[in-house]
Amino acid sequence: MKRVTVAPNLALATFWADVLTQAGIGATVQRAWASSIAGEIPPDQALPEIWVRDDADLDAARRLLEDLRRTPQHDWVCRTCGERVEGGFEQCWNCGAPMPR
C-alpha cells in the first residue's frame, strides 16, 4: 500500500477514495477518525489520507485525482427563467430547473 494524498477533511477523503474505487483502483481512507485527537498530536498528522492497495496504481491514482481537481466549471443560463448560474451548480438557484445537458 502507498499513500496517494492527504485530504483536508473526511468528506473529501471519502469522495476521492470512492472516485478511485469506481475507476478500478483499490483505495482506502486511513486516519479517518484521527481528527478527534488533533489536540494530542500535530494537526497535520490528524488529517485523513487516501491510500492505494496496489503500489502499481499509485501514479494512475494521482493523475485521476489531479484531473478531478482541475475539472473546469462553466457558467450556464437557465432555459426556464433565463438566470445566469455559476459553474458547479447543476440546478438553477432561482427556479430550480436542472442544468441543460
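Things worth noting here:
- Reduced Cα scattering model of the chain, Debye log10 I(q)/I(0), q = 0.10, 0.24 Å⁻¹: -0.42, -1.08
- Built amide H within the under 5 Å cut-off of Ala97, gap 5+: Cys92
- Taking every DSSP helix (H) stretch of at least 4 residues in the chain, weighting each as -39,500 (n - 2.57) and dividing the sum by the residue count yields a mean residue ellipticity at 222 nm of -8000 deg cm²/dmol.
- Mean Cα-pair separation over length for the chain, i.e. relative contact order, pairs under 8 Å, 6 or more apart, %: 25
- Farthest towards the positive end of the charge dipole of the chain, among the residues Val52, Val6, Cys95, is the Cα of Cys95, using unit charges on the Cβ of Lys, Arg, Asp and Glu.
- Per-residue Karplus couplings for the range 68-83, computed as 6.51 cos²θ - 1.76 cosθ + 1.60 with θ equal to phi - 60°, are listed in order as 5, 5, 9, 4, x, 10, 10, 5, 9, 10, 5, 6, 7, 10, x, 6 Hz, Gly and Pro entered as x.
- Chymotrypsin sites (Phe, Trp or Tyr not before Pro) within the range 19-76: DSSP coil, no more than 14 neighbouring Cβ in 10 Å: Trp33
- Assuming charge only on the beta carbon of Lys and Arg (+1) and of Asp and Glu (-1), the dipole of the chain about its Cα centre is about 180 debye to the nearest 20.
- Relative to the longest principal axis of the Cα atoms of the chain, the long axis of helix 10-22 makes an angle of roughly 90 degrees.
Any read-out appearing in this document is the output of simple, stated calculations on the displayed coordinates, not a laboratory observation. As the structure is a prediction and not an experimental result, all values here were calculated from the model. In this analysis, Cβ positions are derived from the backbone assuming ideal geometry, glycine residues included, and neighbour counts consider all displayed protein chains.
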